[in-house]
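*Asks:* Can you read through this structure? Questions will come right after.
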Amino acid sequence: MTITHVAMEVQVKGHDQVAVTPPPSTTFDNGDRQSRHQGRNLEKSVAAGGDSSTLIMANNKFHIDTYPNAEEDDHFCGEKGREPQFLHGDEAAQYLLEEQQTHHHQVTWLDIDNLDLATLDMGNMFNRVDSAEIIYQQKKKNIKMVGKYVMGDVLGEGSYGKVKEVLDSENLCRRAVKILTRRKLRRIPNGEQNVQREIKLLKQLKHKNVVALLDVLYNDEKQKMYLIMEYCVGGLQEMLDNAPEKKIPLYQAHRYFRQLINGLEYLHGMRVIHKDIKPGNLLLTLDETLKISDFGVAEQLELFAPDDTCTTGQGSPAFQPPEIANGLESFSGTKVDIWSSGVTLYNLCTGKYPFDGDNIYRLLESIGRGQWEAPDWLYKLDEKLAVLILGMLQDNPEERYSIQQIRQDPWFISAPEEKGPPIPIPPLKSDKYRRSTVLPYLDAYHYETDRDLEEVYFTEHDLNQELARKAAAAAAEIKAQQQHNSFATMAASSSNYHNAQSCSNSASHHTKEKKSSSLKRRAKKLTSCISVRKLSNCRPS
């Protein structure tokens, strides 16, 4: 038997007044109107009860469902087959209290429309677990091959997909693969078109300072695309993030900047406008050769185009020139790359950006406001560098430096003095040598024993301790290297000072000896002259 409570909104205006109003819509299980009539009778009985009446009703956010022993409850049903009876006063309060304790898990139904999240007790809905109680299981290294390439660990992840290390099983060369999924590309505006354009461009480009595309694989079943590229151990942005002052020495920036200009000159000669030059798109190989990468927004000019005019700019906002920030319909593509290279050089040498803003709109407004002026501290850092950056960041594209002017600049021609140690390429997963991540998979596949198959469990506390230990070890190593370099510099300067001092002392001593000998010789000469010339008549005794 189904027992239905008629839910009504109750508003109490003091102890002696009770106002009862029925809800806008009430649902009955049997479909008749008798219960609605009893609701009106109940309203009359409350009005007649006076000050001694106490009404206990169910709130309209809750609904009392079927009780398992409803047919046996004398208070609620009476005899079998009779209509349900409503209880009043203390008897109703006592009955609801008992039912709440006995059937609490059956009577609470949430009304989503009128749900108040501020006062809702979420503890009854979600089971909270302390992070210390979570146990992790070490992932087994299962070998995977795509074509002739053995997959390794993830090197990085961008908006288009993941980048993993792979090993060519034919020549055992380390490669990198960019994994693209069609599902993710469809969520990016012009995602598929940008990828197809990048593949088309990379197949034409072959230069020492441009990343090379070696192979393209498709998996129609998984809707995936694999771009096999030459392996790079890291990028300039990663190096800057791990540098103590978020910058690199001038001589190191000069070395990378020269390679950037070489690669950029080749791209412009191939009618390719990169449009997104920045430290994050400049990679390094094991021998620190710079590679320009990520041609997702690049554009290739027509073969017989009269000039380098472009109409779209999709690069990073902090590296965009004023003509794009101000929304010009067309602009010089090569001068866009020159501007981005100038901002990149400024960022490498100072760890800062020439323009800043709280958000992208303020940033673009700051870029398009007017001519940028180099700060005084940049001239004190290196006057030639400040002049070069100022020439590359000219507000007027016609006055902005060209590739040929950059090559003739004094700072570009002559390398700065080497002061301090270079910033190393940061370690990959605590491995400063950046060893191949494919080898553990091969080792587990060929040499894994039963002992190695045992499941290893660890907690978040263990992970935090291991990360803290590795971070402390890396910081101690960097500090020790800096102290060693400073001591070496001090020792070199001290030895130079002592050498100079000894040289000056020896020179002065030699000078004194020479003076004394000359005086002695002069005295002897004078004595002899006197004895010979003045006293020529005297005979020697």
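*Asks:* Rounded to the nearest Å, what's the spacing between the alpha carbon centres of segment 355-427 and segment 254-274? Just the number, please.
*Replies:* Value for the Cα centre distance between the two parts: 16 Å.
*Asks:* Could you give the length gained by full extension between GLN237 and ARG271, i.e. 0.36 nm per residue of separation minus their alpha carbon distance, to one decimal place? Intermediate values should be presented prior to the final figure.
*Replies:* On the way: separation 34, 0.36 × 34 = 12.24 nm, distance 2.66 nm.
That pair, GLN237 and ARG271, stretches by 9.6 nm at full extension.
*Asks:* Could you check the spin-label model distance between ASN464 and GLU192? Points 7 Å from the Cα along Cα→Cβ, value in nm.
*Replies:* 4.6
*Asks:* While we're looking at this one, here's another question. Counting Lys and Arg as +1 and Asp and Glu as -1, what is the net charge of the other residues whose Cβ lies under 14 Å from the Cβ of GLY313?
*Replies:* Taking every Cβ under 14 Å from that of GLY313, the sum is -3.
*Asks:* Taking 0.36 nm per residue of separation and subtracting the Cα-Cα distance, what length does fully extending ALA212 through LYS246 add? Mind dumping the intermediate values first?
*Replies:* On the way: separation 34, 0.36 × 34 = 12.24 nm, distance 2.87 nm.
Stretched fully, the ALA212-LYS246 segment lengthens by 9.4 nm.
*Asks:* On a 1.4 Å probe surface of the protein chains, which of ASP376, ASP308 comes out largest in accessible area, and what is the full order? Mind showing how you got there, number by number?
*Replies:* Working: ASP376 115, ASP308 35 Å².
These residues rank, largest area first, as ASP376, ASP308.
*Asks:* In whole Å, how far is the Cα centre of segment 199-251 from that of segment 312-334?
*Replies:* 24
*Asks:* Can you give the extra length, in nm with one decimal, that the chain gains between GLU448 and GLN404 once fully stretched, where that is 0.36 nm per residue apart less the Cα-Cα distance? Spell out each step's value before the answer.
*Replies:* Values: separation 44, 0.36 × 44 = 15.84 nm, distance 5.80 nm.
Here the answer is 10.0 nm.
*Asks:* Could you tell me whether segment 246-393 comes out rounded, prolate or oblate from its Cα gyration tensor? Rule is a ≥ b ≥ c as square roots of the eigenvalues, rounded for a/c under 1.5, then prolate if a/b exceeds b/c, otherwise oblate. Provide the component values of the computation, followed by the final result.
*Replies:* Numbers: a/c = 1.74, a/b = 1.14, b/c = 1.53.
Because a/c hits 1.5 or more and a/b fails to exceed b/c, segment 246-393 counts as oblate.
*Asks:* Evaluate E = 1/(1 + (r/R0)^6) for SER414 and GLU221, where r is the Cβ-Cβ distance and R0 equals 60 Å; express this FRET efficiency to the nearest 0.05.
*Replies:* 0.55
*Asks:* Is segment 326-379 best put as rounded, prolate or oblate by its Cα gyration tensor, with a ≥ b ≥ c the root eigenvalues, rounded for a/c under 1.5, and otherwise prolate when a/b is larger than b/c, oblate when not?
*Replies:* On the way: a/c = 1.91, a/b = 1.30, b/c = 1.47.
Verdict is oblate for segment 326-379.
*Asks:* Counting only C-alpha contacts under 8 Å and six or more residues apart, can you give the relative contact order of segment 232-436 as a whole percent? Don't skip to the end; give the middle numbers.
*Replies:* On the way: 291 pairs, mean separation 53.6, N = 205.
It comes to 26 percent, rounded to a whole number.
*Asks:* Using the structure shown, list the pairs from LYS206/LYS247; LYS208/LYS429; LYS200/LYS275; LYS208/LYS278; LYS429/LYS470 with a Cα-Cα distance above 20 Å, or answer none. Show your work: numbers first, answer last.
*Replies:* Details: LYS206/LYS247 30 Å; LYS208/LYS429 28 Å; LYS200/LYS275 17 Å; LYS208/LYS278 18 Å; LYS429/LYS470 10 Å.
Result: LYS206/LYS247; LYS208/LYS429 exceed 20 Å.
*Asks:* Related question: Roughly speaking, to the nearest percent, how much of segment 232-436's 1.4 Å accessible area is carbon and sulfur?
*Replies:* On the way: 4750 of 9610 Å².
Roughly 49 percent, rounded to a whole number.
*Asks:* Once the other residues with Cβ under 13 Å from the Cβ of SER402 are scored (Lys, Arg +1; Asp, Glu -1), what is the net sum? Display every interim value, and only then the final one.
*Replies:* Values: positive: LYS335, ARG400, ARG407; negative: GLU265, ASP308, ASP337, GLU398, GLU399, ASP409.
Local charge sum for SER402: -3.
*Asks:* Another one. Is segment 140-231 rounded, prolate or oblate when judged by the Cα gyration tensor, a ≥ b ≥ c being the square roots of its eigenvalues, rounded requiring a/c under 1.5 and prolate requiring a/b larger than b/c? Write down the numbers at each step before the final one.
*Replies:* Values: a/c = 1.80, a/b = 1.15, b/c = 1.57.
Judged from the Cα gyration tensor, segment 140-231 comes out oblate (a/c at least 1.5, b/c at or above a/b).
The values are calculated or read from the model by the stated rules, or taken from the named source; none is laboratory data. Keep in mind that what you see is a predicted model, and the values were worked out from it rather than measured. Glycine gets a Cβ as well: all are built from the backbone with ideal geometry, and neighbour counts include every protein chain shown. Ligands, DNA and RNA are excluded from the accessible area calculation, which covers all protein heavy atoms including side chains. Shrake-Rupley method; radii C 1.70, N 1.55, O 1.52, S 1.80 Å.
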